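Student: Got a structure here, written out as structure tokens. Questions coming.
The values are calculated or read from the model by the stated rules, or taken from the named source; none is laboratory data. Note that the structure is predicted; figures quoted are calculated from it, not measured. Neighbour counts are summed over all protein chains in view; Cβ atoms, including those assigned to glycine, are modelled from backbone coordinates with ideal geometry.
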Amino acid sequence: MSAIWILIGLVVVVGLWIVGVYNGLVKSGVRVDEAWSDITVQLKRRYDLIPNLVKTVKGYAKHEKEVLENVTKMRNMAVNATGSPEQQAQVENQFTGALKSLFAVAENYPDLKANENFLELQRELTDTENKIQAARRFYNGAVRDLNTKIKVFPTNIFAGMLGFTEREFFEVEDRETVEQPVDVDFNDEN
């Protein structure tokens, strides 16, 4: 009789442990989804700033039409991008390159660099870029935690059976381009 109770107790303990593993994986998955949502919120904020920035620059740099059209095109591609974090990162890298071109054009127009609207947009964009970086770090940390849970023994045995898969990190592909800082010092005297 005591062997049956021991067996029942063991089954209950294993069952509770599996429930704990499942709940831990679910919590980690939700944390990853939340982190991805934070990234998309900040990216949308960035996309909303760009038309105002382009409009402000356009007033000063009428003959820089190609750069302005490229920024608008890259913004639209980024806004409409769907897919994995890796695919989204590729589009974001192209968009960042277009923004660098826009700021390079702005350097040629001292009146634009002193324009109050442009300066405010530049501050907001810098703030947004910082928030995007923070959201990416949070997302990648959440992905790291989930992927670790999925890979470690004995959770790895149950993770696959319960339908949990690893998530992709939001990584920058062209590190050389992205690691070069954008010179956005518009208080420079020329």
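Student: When you check residue 110 against the structure, is it over 26 Å from residue 166 (Cα atoms), touching a residue at least 24 places away in the same chain (Cβ under 8 Å) and in contact with a helix residue (DSSP H, G or I) (Cβ under 9 Å, 6 or more places away or on another chain), yes or no?
Tutor: no
Student: Still on this structure: Could you tell me whether residue 76 is under 30 Å from residue 139 (Cβ atoms) and without any contact (Cβ under 8 Å) to a residue 40 or more places away in the chain? Walk me through how you get there before you give the answer.
Tutor: On the way: under 30 Å from residue 139 (Cβ atoms): yes; without any contact (Cβ under 8 Å) to a residue 40 or more places away in the chain: yes.
So residue 76 passes the test.
Student: Right, another one. Of all residues in the range 1-47 being free of Cβ contacts under 8 Å to residues at least 60 places away in the same chain and within 22 Å of residue 84 (Cα to Cα), which is nearest to the chain's Cα centre (by Cα)?
Tutor: Ranking the qualifying residues of the range 1-47, first place goes to 40.
Student: Would you mind finding the one in 81, 159 that is aliphatic (A, V, I, L, M), out of contact with any His (no Cβ under 9 Å at 6 or more places or on another chain) and over 18 Å from residue 26 (Cβ atoms)?
Tutor: The conditions single out 81.
Student: In the range 71-110, which residues are closer than 22 Å to residue 120 by Cα and of a type in the set (S, T, N, Q)?
Tutor: Across the range 71-110, the qualifying residues are 72, 96, 101, 108.
Student: Another question, if that's okay. Only one of 96, 128, 56 is more than 24 Å from the chain's Cα centre (by Cα), in contact (Cβ under 8 Å) with a residue 60 or more places away in the chain and more than 30 Å from residue 163 (Cα to Cα); which?
Tutor: Unique residue meeting the criteria: 56.
Student: Testing residue 182 on (1) assigned to a loop (DSSP other than H, G, I, E, B); (2) under 22 Å from residue 79 (Cβ atoms); (3) at pLDDT 80 or above, one condition comes back false. Which one is that?
Tutor: (3)
Student: Is at least one residue of the range 95-102 touching a helix residue (DSSP H, G or I) at 6+ places or on another chain (Cβ under 7 Å) and among the aromatic types (Phe, Trp, Tyr)?
Tutor: Within the range 95-102 (the criterion being touching a helix residue (DSSP H, G or I) at 6+ places or on another chain (Cβ under 7 Å) and among the aromatic types (Phe, Trp, Tyr)), the answer is yes, since at least one residue qualifies.
Student: From the set of residues in the range 128-165 that are among the hydroxyl-bearing types (Ser, Thr, Tyr) and exposed (fewer than 14 other Cβ atoms within 10 Å of the Cβ), which is modelled with the highest pLDDT? I'd like the intermediate steps shown before the answer.
Tutor: Filtering the range 128-165 for residues among the hydroxyl-bearing types (Ser, Thr, Tyr) gives 128, 139, 148, 155, 165.
Filter once more, keeping what is exposed (fewer than 14 other Cβ atoms within 10 Å of the Cβ): 148, 165.
On the way: 148: 94, 165: 90.
Once the filter is applied, the top-ranked residue is 148.
Student: Counting only residues that are more than 11 Å from the chain's Cα centre (by Cα) and hydrophobic (A, V, I, L, M, F, W, C), which one in the range 131-146 is farthest from residue 42 (Cα to Cα)?
Tutor: Among residues in the range 131-146 that are more than 11 Å from the chain's Cα centre (by Cα) and hydrophobic (A, V, I, L, M, F, W, C), the one farthest from residue 42 (Cα to Cα) is 146.
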